[in-house]
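First up is the structure itself, then whatever we jot down about it.
The values are calculated or read from the model by the stated rules, or taken from the named source; none is laboratory data. Note that this is a predicted model, so its numbers are computed, not measured. All Cβ positions, even for glycine, are placed from backbone atoms using ideal geometry, and neighbour counts span all protein chains on display. Surface accessibility is based on the protein's heavy atoms, side chains included, excluding ligands, DNA and RNA. Shrake-Rupley method; radii C 1.70, N 1.55, O 1.52, S 1.80 Å.
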Amino acid sequence: MAEVRKKELGQNDKKRFWTSDMEAIIAIMVVLLILGTINVFSSSFIFAEAEFDTPYFFLKRHVINVFVGLTAFGVCFYFDYHVWRRWIVGILFVTIAALIAVLIVGPVVNGARRWLPLVVFQFQPAELAKLVAIMIAASYISMKVRLGQELEIVTIQMIIIGLIAGLTELEPDLGTATIILGIPLVMLIVSGLRKQRVLQLVFTGLIGAAIMIFREPYRLERLKITYDPWSDAQNYGYQTVQSLSAIGSGELTGMGLGVGVSKYDYLPEAHTDFAFAIFCQENGFLGAIFVFLLFAAFAVYAARIANKARDEYGQILAMGIMLLVVGQAIANMLMVGGMTPVVGVPLPFISYGGTSLIITMAAIGILVNVGKQGDKKGG
């Protein structure tokens, strides 16, 4: 009987592409890192040569960021994810201090203050704030779920998250502020927020969005031209028009690595927010579908990890991290495809951005640790 059971297990293992959900997440991350590194160089070498006299300027920094990110991933994978819950007050204090500091001493780039110049690199506090907001929300929601109590929107935890989002908006960075506030709210809804509260949240959100849009005239203009960017193709619609042109010119299989022409001063932010447009131009529709499927697979395996987590905190934290990675991917792809207004949301792994990459890899390290602890429970 034991031999039959062993044989059945062996057959099941052969049928599985991955030995565990954690292995799948790590493999997807590695593939995205490779694709992203290639795309960062391909989309940036023209600009780097013109501005810094070397085509490898951004590539070198990206490779350093990858190694720092791998270190962050390793640390977060090693420590039990409950550690971050115990340290959340200290992490929150550092995050708020950094967000205030960036408004005071951060250099102005394109009319915004978003980076803190540190000794070896520039740090973007708002990227850390995304993960901190998820940790705070997971801690609150899991406590309520465990006790069987009703979830509320207006709580100390959500007010703190709102404060973090507000400081980010002052940079100004509405896209990132929306992520910081939006993901915890989605976590509340998915975790069982009452229908009446959901309707109140939607109504309040629409009012808040209207206020934020009308507060800055350029945001209203971006919204107006979203569905007809060619009506203002030389001004507010310029990035969208150039992005769509780059995607369309890639056709089915793409122009080939390094051959895309839109990075030659046609498409602004070609290696950052609009890096996916260059990827599509050089790798075509098939390449774009491959990246989409990678993020879809990430969502599936992250959801499986959340489902098997050993406690409510692990389940909700894993769900939040999945929303962070996949949500940003969807938001960026929609923006690059001209289906939403232009906002500063990077495509994880594919866009150049040191702090974003490091924080994303740290978050995935936490996610994989949730899976590791869940496997222990199952064992």
Out of the residues in the stretch 118-146 that are outside any helix (DSSP H, G or I) and of a type in the set (A, V, I, L, M), which is surrounded by the fewest Cβ atoms within 10 Å (Cβ to Cβ)?
Val119
Single unsatisfied condition, Ala97 versus (1) surrounded by fewer than 21 Cβ atoms within 10 Å (Cβ to Cβ); (2) modelled with pLDDT under 95; (3) touching a Pro at 6+ places or on another chain (Cβ under 9 Å):
(2)
Enumeration of residues in the stretch 102-117 that are outside any loop (DSSP other than H, G, I, E, B) and surrounded by 14 or more Cβ atoms within 10 Å (Cβ to Cβ)
Val102, Leu103, Ala112, Arg113, Leu116
Take the stretch 159-208 and flag every residue that is surrounded by 18 or more Cβ atoms within 10 Å (Cβ to Cβ) and more than 22 Å from Thr360 (Cα to Cα).
Ser191, Leu193
If I go through the stretch 31-67 residue by residue, how many of them are open to solvent by less than 70 Å² (accessible area, probe 1.4 Å) and closer than 28 Å to Val370 by Cβ?
9
So how many residues does the stretch 151-208 have that are in contact with a Phe, Trp or Tyr (Cβ under 7 Å, 6 or more places away or on another chain) and outside any loop (DSSP other than H, G, I, E, B)?
1
Of all residues in the stretch 15-30, which are farther than 16 Å from Ser351 by Cα, open to solvent by 20 Å² or more (accessible area, probe 1.4 Å) and part of a helix (DSSP H, G or I)?
Lys15, Met22, Glu23, Ile26, Ala27
Tell me the residue from Thr340, Thr272 that is more than 23 Å from Arg85 (Cα to Cα) and either open to solvent by 40 Å² or more (accessible area, probe 1.4 Å) or basic (Lys, Arg) (or both), please.
Thr340
Go through the stretch 338-358 and give me each residue that's in a loop (DSSP other than H, G, I, E, B) and closer than 19 Å to Val40 by Cα.
Gly344, Val345, Pro346, Leu347, Pro348, Phe349, Ile350, Ser351, Tyr352, Gly353
Checklist (1) more than 18 Å from the chain's Cα centre (by Cα); (2) not in a helix (DSSP H, G or I) applied to Thr272, failing item
(1)
Has the stretch 209-228 got at least one residue that is more than 28 Å from Ala50 (Cβ to Cβ), at pLDDT 90 or above, open to solvent by less than 40 Å² (accessible area, probe 1.4 Å) and in a loop (DSSP other than H, G, I, E, B)?
no
Of everything in the stretch 236-248, what is open to solvent by less than 40 Å² (accessible area, probe 1.4 Å), among the small types (Gly, Ala, Ser) and farther than 16 Å from His271 by Cα? Give them in sequence order.
Gly237
